[in-house]
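Colleague: The structure under discussion is supplied below as structure tokens; questions concerning it will follow.
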Amino acid sequence: MRYLTFALAKGRLADQTMELLEKIGMPCEEMKEKTRKLIFLNEELGVKIFLAKTSDVPTYVEHGAADIGVVGKDTIIEENRNVYEMLDLGLGKCRMCVCGLPETKEKVLKSHSLTVATKYPKIARDYFYKKHKTAEIIKLNGSVELAPIVGLSDCIVDIVESGKTLKENGLEVFEEICPLSARVIVNRVSIKMEHERIMDIIEKIRAIKEEK
Ligand code: PRP
């Protein structure tokens, strides 16, 4: 039997995803241990699971190095890869927002020309383009909330989950761009070649979700 390969996003989502996989009968104990190992085999089930950098998950799935991926909708939109989005897991719920310093809100919302710092240049560019605004996008790789505070940008486009990071840095949400959550994505060839096995997994996950 060919291994069915899963790419999971490292970080916040990983634990919740593993919990879900365990519920459908895929043990993940070894992955939960503190290890530098990246790939895990379950010979009995014919399953291979690896942990990848979040933004790389859609790349592995598009190229067929993974049949199935679990990753946030933010990454799916930003990476814009040729994959099937099969299921909303409802995990890791958060929002993509335009945020900034409260005292600049009015100016930012009225302005037709802005500098915007973000880890998500495509999402930010598309959003301001649709609003007919000129946005100079400054790509950052983390701690994006710093940008308006130190004068790098007028505002940021970033994920807001609990709102704690914004609050502790004196920022607020100006506008919501879209809601986000974790999704299951599938390679376009795998869905044909491994249809039965993949659909069996999807249905098992769906059933668990519906129990809640
Ligand atoms: C994300 C996001 C925000 C924060 C939001 O960053 O970019 O900074 O989480 O979460 P909250 O609303 O619950 O505070 P992450 O923790 O991934 O780290 P990063 O800033 O290094 O990207």
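The values are calculated or read from the model by the stated rules, or taken from the named source; none is laboratory data. Everything quoted here is computed from the prediction, not taken from an experiment. Here the Cβ is made from the backbone with ideal geometry for all residues, glycine too, and neighbour counts use every protein chain on show. Accessible surface is based on the protein model in full, side chains and every heavy atom, while ligands, DNA and RNA are left aside. Shrake-Rupley method; radii C 1.70, N 1.55, O 1.52, S 1.80 Å.
Colleague: What accessible area per residue comes out for the stretch 1-134, rounded to a whole number of Å², with a 1.4 Å probe?
Modeller: Accessible area per residue: 55 Å².
Colleague: Further, regarding this structure: Evaluate E = 1/(1 + (r/R0)^6) for V189 and D88, where r is the Cβ-Cβ distance and R0 equals 30 Å; express this FRET efficiency to the nearest 0.05. Walk me through the numbers before you get to the answer.
Modeller: Details: r = 23 Å, r/R0 = 0.76.
Result of the calculation: an efficiency of 0.85.
Colleague: Here is a further query. Please report the net charge: other residues with Cβ closer than 12 Å to the Cβ of C99, K and R +1, D and E -1.
Modeller: Working: positive: R95, K105, K167; negative: E145, D154, D158, E172, E175, E176.
Cβ neighbours under 12 Å give a net charge of -3.
Colleague: Can you spot the lysines whose alpha carbon is less than 27 Å from K105's alpha carbon? Ignore those fewer than 8 places along the same chain.
Modeller: List returned: K73, K93, K119, K122, K130, K131, K133, K139, K164, K167.
Colleague: Based on the inverse mean of 1/r over its pairs of different Cα atoms, what is the Kirkwood hydrodynamic radius of the stretch 94-178, in Å?
Modeller: Working: mean 1/r = 0.0807 Å⁻¹.
That comes to 12.4 Å for the stretch 94-178.
Colleague: Expected output is a single nm value to one decimal: the length gained when fully extending between R12 and T35, i.e. 0.36 nm times separation in residues minus the C-alpha distance. What is it? Working shown, then result.
Modeller: Details: separation 23, 0.36 × 23 = 8.28 nm, distance 1.65 nm.
Stretched fully, the R12-T35 segment lengthens by 6.6 nm.
Colleague: Could you work out the helix-only [θ] at 222 nm for the chain, with each DSSP H run of four or more residues adding -39,500 (n - 2.57) and the total divided by the number of residues, to the nearest 500 deg cm²/dmol?
Modeller: Numbers: 10 runs with 75 residues, N = 212.
Value at 222 nm, helices only, nearest 500: -9000 deg cm²/dmol.
Colleague: Which of the GluC sites (Glu not before Pro) across the stretch 26-124 are loop residues per DSSP, with 15 or fewer other Cβ within 10 Å?
Modeller: Working: sites: E29, E30, E33, E43, E44, E62, E78, E79, E85, E103, E106; in loops: E33, E43, E44.
Those that pass, being in a loop and sparsely packed, are E33, E43, E44.
Colleague: Compute the length gained on full extension between V150 and K122: take 0.36 nm times their separation in residues and subtract their Cα-Cα distance, giving the result in nm to one decimal.
Modeller: Result for the pair: 7.8 nm of gain on full extension.
Colleague: Shifting gears a bit: Please report the accessible area of D158 (heavy atoms, 1.4 Å probe, ligands and nucleic acids excluded) in Å², nearest 10.
Modeller: Rounded to the nearest 10, that gives 10 Å².
Colleague: What translational diffusion coefficient, in µm²/s and rounded to a whole number, does the Stokes-Einstein relation yield for the stretch 167-206 at 25 °C and a viscosity of 0.890 mPa s, taking the hydrodynamic radius as the Kirkwood radius over Cα pairs? The partial results should precede the final answer.
Modeller: Values: Rh = 13.6 Å.
It diffuses with D of about 180 µm²/s by this estimate.
Colleague: Under a GNM of the chain (C-alpha, springs under 10 Å), which listed residue has the highest mean-square fluctuation: I68, I177, I159?
Modeller: For the chain, modelled as a Gaussian network with Cα springs under 10 Å, the answer is I177.
Colleague: Mind putting a number on the dipole of the chain about its Cα centre? Charges go on the C-beta only, +1 for Lys and Arg and -1 for Asp and Glu, and I need it in Debye to the nearest 20.
Modeller: Values: 34 positive and 34 negative charges, 88 e Å.
Charge dipole of the chain: 420 debye, to the nearest 20.
Colleague: Further question on the same structure: Using the C-alpha atoms of the chain, what convex hull volume per residue, in cubic angstrom, is computed? Could the numbers behind the result be given before it?
Modeller: Numbers: hull volume 28.2 nm³, N = 212.
Hull volume normalised by residue count: 133 Å³.
Colleague: On a full-extension model of 0.36 nm per residue, what is the gain between C178 and T104, subtracting their alpha-carbon distance, rounded to one decimal in nm?
Modeller: Numbers: separation 74, 0.36 × 74 = 26.64 nm, distance 2.18 nm.
Length gained between C178 and T104: 24.5 nm.
Colleague: Something else now. Pick from Y129, Y120, Y60 the residue whose mean-square fluctuation is largest in a GNM of the chain, springs joining Cα atoms under 10 Å.
Modeller: Maximum among the listed residues: Y129.
Colleague: Roughly speaking, what % of Cα-Cα pairs in the stretch 139-212 are separated by over 22 Å, rounded to a whole number?
Modeller: The proportion of pairs with Cα distances above 22 Å equals 50 percent.
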